[in-house]
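The values are calculated or read from the model by the stated rules, or taken from the named source; none is laboratory data. Remember, it's a predicted structure, so these values are computed and weren't measured experimentally. Here Cβ is always computed from backbone atoms with ideal geometry, including for glycine, and neighbour counts include all displayed protein chains.
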Amino acid sequence: MNTESSSRAPDWGTGTGSRTYGTTRWGDTGSTSKVSTQRRKVRRWWRRNRRRVQRTWRRSTQTITPTGWFVLAFTLLAIVLGASLGWIEAWFVAIAGVVLLLIALPFLIGNRAYLIRLSIDRLRVVVGGGVHLSIDIENAGVRPALPATAELPVGDSLREIAVPFIGGRGEVSIPLTIAADQRGVVEVGPITLARRDPLSLLRREVTWRDRHLVHVHPQTVALPPGSAGLVRDLEGAASRRLTDSDLSFHAVREYVHGDALRHVHWKSTAKTGTLMVRQYEESQTARTAVLFDANRAEYGSDEEFELGVSVAASLALQAVREGRERYIASAWNPGRMRASIDGLEEIPSDTTQQLLDGWAELEAAEEARPIEALARALADSRRPLSVVTLVTGSNVDPNRLRRAAVAFPPDVAVIAIRCEQLADPAAHFIDSTWMLTIGQLGDLPQLQMRRGKA
């Protein structure tokens, strides 16, 4: 390559015969421009391929298992010691480490052309049931695929699935059953196909994004009609509150400016000579509230907490089926997405499915307000309620429940339910409050019928 270049220095000649003295360096300008050009090319190449290099490096580092990192570090240390100190033993260790890594590489070479689809028969199940899955695996390549091991996360556990030999363009379906032993939301998937060497030095994973959320609903029991509220008739029961327009006639009073003329009682007007209008007693329809104490400390065990959830869910489900105006709430748990108002978290109850999904998502609160404070917050919300049911655990004594019931107005009926596992069912009417003790879920319909007869 020609490194010579003509000088680009300005011409200082004046035409007067004077001389200009200077030094010209041949070849330096070309070398500098060549280096700068190469640097620019390197920068452009790095900008274009930076993400690809970083992705390749990240995949390479993720391929090495902790055992592989240990062998690699020990091998490098042995090489350094052998080269610096001349230890023959160190060279033997280094050679053995390199051989192990080279033997592990062929197990990662190649790619299985799998197409995996995860199908599930239902996304909602009751505690004690099961969900059936079907893992459909298709070999999209023309070459046969050797047996492999797939990993399927199911909640907090990880299940290993043996993938059999699949011929070219072949398909196989692997059935799988997941037992719904606990209430909650179980995430199934994504499925991961792992390839590793026999010594677990290197590992290569391919993950499919197909995943499902399974809601495990609590167990519920059918309740007698009217169990969700006090009122069973169509138009409601008359209350002590007076109103100018309703169905239950109470008395007449003098006309006040703004009263509707259709409520004028003409017979009374003719007798008294003054405009008289009808006055009614406000009809009280069943407005139900179910307040669940989600404080784990108020329950004797996890089984007792789940019993409380089932009792509260059964009452709320009955209110939804009867079309009652309802408010379903529990103690707010920090970290929840739903907002908290005075420590209460409302559980959506527009439909039965939405309600049961809310109970499936509910978790025990480790630091929650006591049941007395929750009842006071519900009473201060000024919701027009006719009956309130408090559901709590066996660690709450009856005196605390009576203090919680006092927070509500006298025209609101309060039912306090203590869930005590394996306890004898009992129902007591104390200070205008029904105190129910439930030892198992089947006791709830019987106690509701006994309370209705009383």
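What the table shows:
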{"read-out": "Tabulated pairs, region 143-166, first assigned by TED's automatic domain parsing to the domain that holds Arg183 and farther than 12 Å from Pro190 by Cα, second part of a strand (DSSP E or B) and of a type in the set (D, E, K, R), C-beta under 9 angstrom, 6+ apart or interchain", "value": "Ala148/Arg195; Thr149/Glu160; Thr149/Arg195; Thr149/Arg196; Glu160/Glu151; Ile161/Glu151; Ile166/Glu138"}
{"read-out": "Unique match (being on the phi > 0 side of the Ramachandran plot and touching a strand residue (DSSP E or B) at 6+ places or on another chain (Cβ under 8 Å)) among Ser349, Ser432, Ser386", "value": "Ser432"}
{"read-out": "Every residue from region 366-396 that is surrounded by 22 or more Cβ atoms within 10 Å (Cβ to Cβ) and either closer than 30 Å to Arg122 by Cβ or charged (D, E, K, R) (or both)", "value": "Val391"}
{"read-out": "Residue identified as assigned to a loop (DSSP other than H, G, I, E, B), in the same structural domain as Gly393 (by TED's automatic domain parsing) and either more than 30 Å from Val221 (Cα to Cα) or at pLDDT below 90 (or both) among Gly258, Gly323, Gly300", "value": "Gly323"}
{"read-out": "The listed residue being touching a strand residue (DSSP E or B) at 6+ places or on another chain (Cβ under 8 Å) and within 21 Å of Leu199 (Cα to Cα), out of Leu102, Leu108", "value": "Leu108"}
{"read-out": "Check on Leu193, assigned to a strand (DSSP E or B), at negative phi and surrounded by fewer than 13 Cβ atoms within 10 Å (Cβ to Cβ)", "value": "no"}
{"read-out": "Test: residue in region 38-55 that is at pLDDT 85 or above, closer than 28 Å to Phe107 by Cβ and assigned to a helix (DSSP H, G or I)", "value": "no"}
{"read-out": "Residue match in region 398-419 (condition: in contact with a Phe, Trp or Tyr (Cβ under 9 Å, 6 or more places away or on another chain) and surrounded by fewer than 16 Cβ atoms within 10 Å (Cβ to Cβ))", "value": "no"}
